[in-house]
Amino acid sequence: MALSVLLFDVDLTLLATGGAGLKALSRALDEFHHDPAALEGISFAGKTDPLIFKEIAFNLGLGPDGLEDFGLLLKRRYLFHLEKTLAEAVDFELCPGVPGILDELKKHGVVLGLCTGNLEQGARLKLERGGIAGYFSFGGFGEHGPSRAQVAKAAVEEARRIIGSSAPAENIWIAGDTPLDINAARDTGVMALGVGTGYYTKDELLAHGADYAVRDLSEPGLVESLIGR
Ligand SMILES: [Mg+2]
């Protein structure tokens, strides 16, 4: 079998929060009476939460000394608000094909994990809101480092602990909606599945080096295609 483990990105790969994440971050920042400029020019797609927090601190002119305290406080208040904004989010939705694809993968004995820039608790809250938290028991998260490569490394190491260290890298896949997810798979030496439900199309993700790509996770025969490779 050429597919033993599938590590999923969360935002715009499995679900769309309908802006709940950004709203939670804005509310947390409002508590500090910070400048609306704090979020200016920051691109969120495919980035880890700690890296986003760092860029916000930079926008606010905080030096390295203030960064750690600010990051910790922001993390706490962000997670506090996220639970509420997720509950309120009327536009929250699972991406097409979810959770069907997760059931199908499980049926084939594929181990499911996460590879996301979200803080672990943030990912958990989003997945719970979508009713799919129970599919995932491990993963790489924002806590594992500011870069996605560090997150992917942690996720792959954990996957190898489960399936055995000798499992070939071609049997481990990372699924994501951005070129950064594809890069993370490349950097870790595992396979990349591009999912076109974010800001990048299937073809763009293929051009970026995805080993396989789909328009969305409802594409018929996806699981067979990955297993049969
Ligand atoms: Mg994403």
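So here's what we get for this one:
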{"quantity": "2 or more residues surrounded by 23 or more Cβ atoms within 10 Å (Cβ to Cβ), touching a residue at least 60 places away in the same chain (Cβ under 8 Å) and hydrophobic (A, V, I, L, M, F, W, C): qualifying helices (runs of 4 or more DSSP H) within region 1-91", "calculated": "20-31"}
{"quantity": "First in region 93-117 and over 14 Å from D9 (Cα atoms) and modelled with pLDDT of 95 or more, second anywhere and charged (D, E, K, R) and surrounded by fewer than 22 Cβ atoms within 10 Å (Cβ to Cβ), Cβ under 6 Å, 6 or more apart", "calculated": "P96/D216; G97/D216"}
{"quantity": "Residues (of a type in the set (D, E, K, R) and within 13 Å of the ligand (Cβ to nearest atom)) located in region 105-155", "calculated": "K126, R148"}
{"quantity": "Which listed residue, of L226, L217, L127, L193, is in contact with a Pro (Cβ under 7 Å, 6 or more places away or on another chain) and either crowded, with 21+ Cβ neighbours inside 10 Å or part of a loop (DSSP other than H, G, I, E, B) (or both)", "calculated": "L217"}
{"quantity": "Residues that are hydroxyl-bearing (S, T, Y) and touching a Pro at 6+ places or on another chain (Cβ under 9 Å), drawn from region 1-50", "calculated": "S4, S26, T48"}
{"quantity": "The one condition in (1) within 16 Å of the chain's Cα centre (by Cα); (2) assigned to a loop (DSSP other than H, G, I, E, B) that G109 fails to fulfil", "calculated": "(1)"}
{"quantity": "Enumeration of residues in region 170-190 that are part of a strand (DSSP E or B) and either away from the ligand (no atom under 13 Å from the Cβ) or not assigned by TED's automatic domain parsing to the domain that holds R148 (or both)", "calculated": "I172, W173"}
{"quantity": "Count of region 193-216 residues which are under 16 Å from G117 (Cα atoms) and more than 13 Å from the ligand (Cβ to nearest atom)", "calculated": "0"}
{"quantity": "Among (1) in contact (Cβ under 8 Å) with a residue 24 or more places away in the chain; (2) over 13 Å from the mean Cα position of the chain (by Cα); (3) within 16 Å of T116 (Cα to Cα), the one test that E219 misses", "calculated": "(3)"}
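Residue by residue, here is whether (1) aliphatic (A, V, I, L, M); (2) under 29 Å from V190 (Cα atoms) holds:
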| residue | (1), (2) |
| --- | --- |
| V10 | yes, yes |
| G18 | no, no |
| E31 | no, no |
| L39 | yes, no |
| S43 | no, yes |
| L60 | yes, no |
| D65 | no, no |
| R77 | no, no |
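To keep it simple, each residue is scored yes or no on (1) out of contact with any Lys or Arg (no Cβ under 7 Å at 6 or more places or on another chain); (2) within 16 Å of the ligand (Cβ to nearest atom); (3) outside the structural domain of V110 (by TED's automatic domain parsing).
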{"position": "D9", "(1), (2), (3)": "yes, yes, no"}
{"position": "R27", "(1), (2), (3)": "yes, no, yes"}
{"position": "P36", "(1), (2), (3)": "yes, no, yes"}
{"position": "L39", "(1), (2), (3)": "yes, no, yes"}
{"position": "I42", "(1), (2), (3)": "yes, yes, yes"}
{"position": "G46", "(1), (2), (3)": "no, yes, yes"}
{"position": "P50", "(1), (2), (3)": "yes, yes, yes"}
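The values are calculated or read from the model by the stated rules, or taken from the named source; none is laboratory data. These figures come from a predicted structure and were not determined experimentally. Cβ atoms come from the backbone with ideal geometry, glycine included; neighbour counts cover every protein chain shown.
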